[in-house]
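The values are calculated or read from the model by the stated rules, or taken from the named source; none is laboratory data. Please read these numbers as outputs of a predicted model, since none were measured by experiment. Positions of Cβ are backbone-derived with ideal geometry, glycine not excepted, and every protein chain shown enters the neighbour counts.
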Amino acid sequence: MARIRCDFFADSLELSTSMTVLLPQPAEQQIGTSATVRTGAPPVLYLLHGLSDDDTAWTRYTGIERYAEERGLAVVMPQVHRSFYTDLADGHGRYWTFLTEELPALVERFFRVSTAREDTFVAGLSMGGFGSVKWALHQPQRFAAAASMSGALDLEQLIALGDRVELFETVLAGRSLAQTGNDLYALADRVQDAPALYVGCGTDDVRLLPGNEAFAAHLAERGLDVTTDFSPGEHVWSYWDAAVQRVLAWLPLDRAAA
């Protein structure tokens, strides 16, 4: 597996930023690894970070490099700071535009990965869980599957509880969730041809579990294809390390295998 820290300029952000990328590299002589060999360009997972993290967090705190190698899966981990994957109101930080428009174009230009819908996936934890579902519901034609782990899926509830007041004031700046495309319930109500969805949360994650359970129930009521995973765990990396393995096992990766 090749791990690349890619530093580049993002026009949509008007600044230099980074992404960490894992690319399958079959190696016959490397000891202690087991790689799936695929024909053609590998499938790709966009893996999104949480509120206090950056593009390196997944590789620093989990075994994602080994897990992806076993499946012949490329992984793209962008950096979006504390943006909640949203275009900020002041115009200096179009992180949603960066994620959904500029980043995929740059990945396609820089790296050899599949661009087919059936080979493209998105997942994330906490803030990144919100971002992954938001992206999948806004652009369902792009993804075969999307997963949220401990996602902040009900922002209305979190705002009502007074959670991260200053952060949401910065992100929303008086705009409603609907105005900014951040109301996942509204997006789920009108999405067409949605990808398969996965909603997971630790049962000891008392702040976010209710919102995850409620949102998963709403997806099921709408007749969307949703898999739930409410298993023991808190809002910690030991939970996400186990959770991402379950997500990778759930992804429909068999099509691309050699």
*Quick check: anything in the stretch 186-195 closer than 22 Å to residue 120 by Cβ, modelled with pLDDT of 95 or more, buried (at least 19 other Cβ atoms within 10 Å of the Cβ) and not aliphatic (A, V, I, L, M)?*
yes
*Matching entry among 63, 50 (being of a type outside the set (A, V, I, L, M), under 19 Å from residue 147 (Cα atoms), modelled with pLDDT of 95 or more and in contact with a Gly (Cβ under 7 Å, 6 or more places away or on another chain))*: 50
*From (1) out of contact with any strand residue (DSSP E or B) (no Cβ under 9 Å at 6 or more places or on another chain); (2) small (Gly, Ala, Ser); (3) surrounded by 19 or more Cβ atoms within 10 Å (Cβ to Cβ), pick out the condition that doesn't hold for residue 214.*
(3)
*Residues located in the stretch 125-145, provided they are closer than 20 Å to residue 222 by Cα and of a type in the set (Ser, Thr, Tyr)*: 132
*asked:* Tell me whether the stretch 168-179 contains one or more residues that are under 14 Å from residue 83 (Cα atoms) and either within 16 Å of the chain's Cα centre (by Cα) or at pLDDT 95 or above (or both).
replied: no
*If you take the residues of the stretch 159-193 that are of a type in the set (A, V, I, L, M) and out of contact with any helix residue (DSSP H, G or I) (no Cβ under 7 Å at 6 or more places or on another chain), which of them is nearest to residue 214 (Cα to Cα)?*
186
*asked:* Please go through the stretch 228-246 and give me each residue that is out of contact with any Gly (no Cβ under 6 Å at 6 or more places or on another chain), buried (at least 16 other Cβ atoms within 10 Å of the Cβ) and assigned to a strand (DSSP E or B), ordered by number.
replied: 228
_Under 6 Å between Cβ atoms, which residue pairs at least 6 apart in sequence (or on different chains) link something in the stretch 6-29 that is closer than 29 Å to residue 69 by Cβ with a partner that is of a type in the set (S, T, N, Q) and assigned to a loop (DSSP other than H, G, I, E, B)?_
17/79; 18/79; 20/56
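When the stretch 35-65 is examined, which residues are found to be in a loop (DSSP other than H, G, I, E, B) and either polar (S, T, N, Q) or farther than 21 Å from residue 110 by Cβ (or both)? Outline the logic, then answer.
First, the residues of the stretch 35-65 that are in a loop (DSSP other than H, G, I, E, B): 35-37, 39-43, 49-56, 62-63.
Correct list: 35, 36, 37, 39, 50, 51, 52, 53, 56, 62, 63.
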*Select from the stretch 156-188 the residues that are touching a residue at least 60 places away in the same chain (Cβ under 8 Å) and among the aliphatic types (A, V, I, L, M) and list them in ascending order.*
167, 171, 172, 173
*Mind checking whether some residue in the stretch 181-199 is closer than 29 Å to residue 231 by Cβ, of a type in the set (Val, Ile, Thr), under 20 Å from the mean Cα position of the chain (by Cα) and not in a loop (DSSP other than H, G, I, E, B)?*
yes
